[in-house]
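For reference, the structure discussed in these notes is given below.
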Amino acid sequence: MPACNDSETKELVMEIAHDELARQAGQRIADAVKLDVLAVRTQHTNEQTGSHECAAELSMSGEGGTNEVSITYTVEGTDDGDSFYVNVFGL
């Protein structure tokens, strides 16, 4: 199971955030914003399932400057162990 700060996990968080920004503000604006996941913190790891509860700052940079919002997300594996899912909250 990838950790909260794993590059693959952070890429999925940014992809989800980009899609949500496109839904809220339009694709053109979403494509003009650079996203980054900063100050990642693991809040809890379930020893039985290996899933993680995470917190971070989502940095959004564009023509209007840079803004950061606090987000939380979970990293959970599928039962067959072949893949994992990331769910982001606070967007």
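Report, by residue number, each residue of the range 4-36 that is in contact with a Cys (Cβ under 9 Å, 6 or more places away or on another chain), open to solvent by less than 50 Å² (accessible area, probe 1.4 Å) and not in a helix (DSSP H, G or I).
C4
Could you check the range 44-68 and list, in sequence order, the residues that are in contact with a helix residue (DSSP H, G or I) (Cβ under 9 Å, 6 or more places away or on another chain) and surrounded by 11 or more Cβ atoms within 10 Å (Cβ to Cβ)?
H52, C54, A56, L58, M60, G62
Taking into account only those residues within the range 69-91 that are of a type outside the set (A, V, I, L, M, F, W, C), closer than 18 Å to L12 by Cα and in a loop (DSSP other than H, G, I, E, B), which is most open to solvent (accessible area, probe 1.4 Å)?
If we take residues in the range 69-91 being of a type outside the set (A, V, I, L, M, F, W, C), closer than 18 Å to L12 by Cα and in a loop (DSSP other than H, G, I, E, B), then D82 is most open to solvent (accessible area, probe 1.4 Å).
Checking R41 against (1) of a type outside the set (D, E); (2) outside any helix (DSSP H, G or I); (3) open to solvent by less than 40 Å² (accessible area, probe 1.4 Å), which test does it fail?
That leaves (3) as the condition not met.
Collect the residues in the range 24-67 that are among the acidic types (D, E) and within 12 Å of the chain's Cα centre (by Cα), keeping them in residue-number order.
D36, E53, E57
The values are calculated or read from the model by the stated rules, or taken from the named source; none is laboratory data. The shown structure was predicted, so the numbers you read here are calculated from the model rather than taken from an experiment. So basically every Cβ, Gly included, is an ideal-geometry build from the backbone, and we count neighbours across all protein chains shown. Accessible surface areas use protein heavy atoms only, side chains included; no ligands, DNA or RNA. Shrake-Rupley method; radii C 1.70, N 1.55, O 1.52, S 1.80 Å.
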